[in-house]
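Chemist: Structure in structure tokens, see below.
The values are calculated or read from the model by the stated rules, or taken from the named source; none is laboratory data. Computed from a predicted structure; not experimentally measured. Ideal geometry is used to build each Cβ from the backbone, glycine not excepted, and the neighbour counts take in all protein chains shown. With ligands, DNA and RNA removed, areas are computed over all heavy atoms of the protein, side chains included. Shrake-Rupley method; radii C 1.70, N 1.55, O 1.52, S 1.80 Å.
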Amino acid sequence: MSNTDPFSAIADPNRRFLLEELRRAPRTVNELAEGLPISRPAVSQHLKALLDSNLVSVTSEGTKRIYAVNNRGFDTLNLWLDQFWA
């Protein structure tokens, strides 16, 4: 269940950057932090907001946590936007 409004989650430019990176391929926090001028803990906070809004998913692979875009989480956004084109 989603705790955060997905529109609020994507309002932040750092989160949009993370989504764009994850669209290309699943990544770890460290890999994502390399492309941003913010700290690794800040990247983790942004990923938490994206997780809470159901826009990303996370899986464990050994000691690593791999983040990926959750396509099903974008259904809410798509449904809302599609009403303007119908």
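Chemist: I'm trying to understand the selection: among the residues of region 37-47, which are under 16 Å from Glu20 (Cβ atoms) and either touching a helix residue (DSSP H, G or I) at 6+ places or on another chain (Cβ under 6 Å) or surrounded by 16 or more Cβ atoms within 10 Å (Cβ to Cβ) (or both)?
Modeler: Val43, His46, Leu47, listed by residue number.
Chemist: Please specify each residue of region 1-12 satisfying the condition of being in contact with an Asp or Glu (Cβ under 7 Å, 6 or more places away or on another chain) and loosely packed, with under 11 Cβ neighbours inside 10 Å.
Modeler: Hit for region 1-12 is Asn3, nothing else.
Chemist: How about region 37-71: which of its residues are closer than 18 Å to Pro6 by Cβ and in contact with a strand residue (DSSP E or B) (Cβ under 9 Å, 6 or more places away or on another chain)?
Modeler: Leu47, Leu50, Leu51, Leu55, Val56, Ser57, Val58, Tyr67, Ala68, Val69, Asn70
Chemist: Taking region 53-73 as the region of interest, how many residues are of a type in the set (Gly, Ala, Ser) and either over 18 Å from Ala9 (Cα atoms) or not in a strand (DSSP E or B) (or both)?
Modeler: Going through region 53-73 one residue at a time, the tally reaches 4.
Chemist: Given (1) surrounded by fewer than 16 Cβ atoms within 10 Å (Cβ to Cβ); (2) free of Cβ contacts under 8 Å to residues at least 24 places away in the same chain; (3) assigned to a helix (DSSP H, G or I); (4) not aliphatic (A, V, I, L, M), identify the lone condition not met by Glu21.
Modeler: (1)
Chemist: Which is within 23 Å of Leu77 (Cα to Cα) and surrounded by 13 or more Cβ atoms within 10 Å (Cβ to Cβ), of Leu32, Leu50?
Modeler: Just one listed residue meets the conditions, Leu50.
Chemist: Further question on the same structure: Is it fair to say Leu50 is assigned to a helix (DSSP H, G or I), touching a residue at least 24 places away in the same chain (Cβ under 8 Å) and more than 17 Å from Ala11 (Cα to Cα)?
Modeler: In short, no.
Chemist: Against the condition open to solvent by 80 Å² or more (accessible area, probe 1.4 Å), within 24 Å of Leu79 (Cβ to Cβ) and either not in a helix (DSSP H, G or I) or not acidic (Asp, Glu) (or both), how does Arg15 come out, does it pass?
Modeler: no
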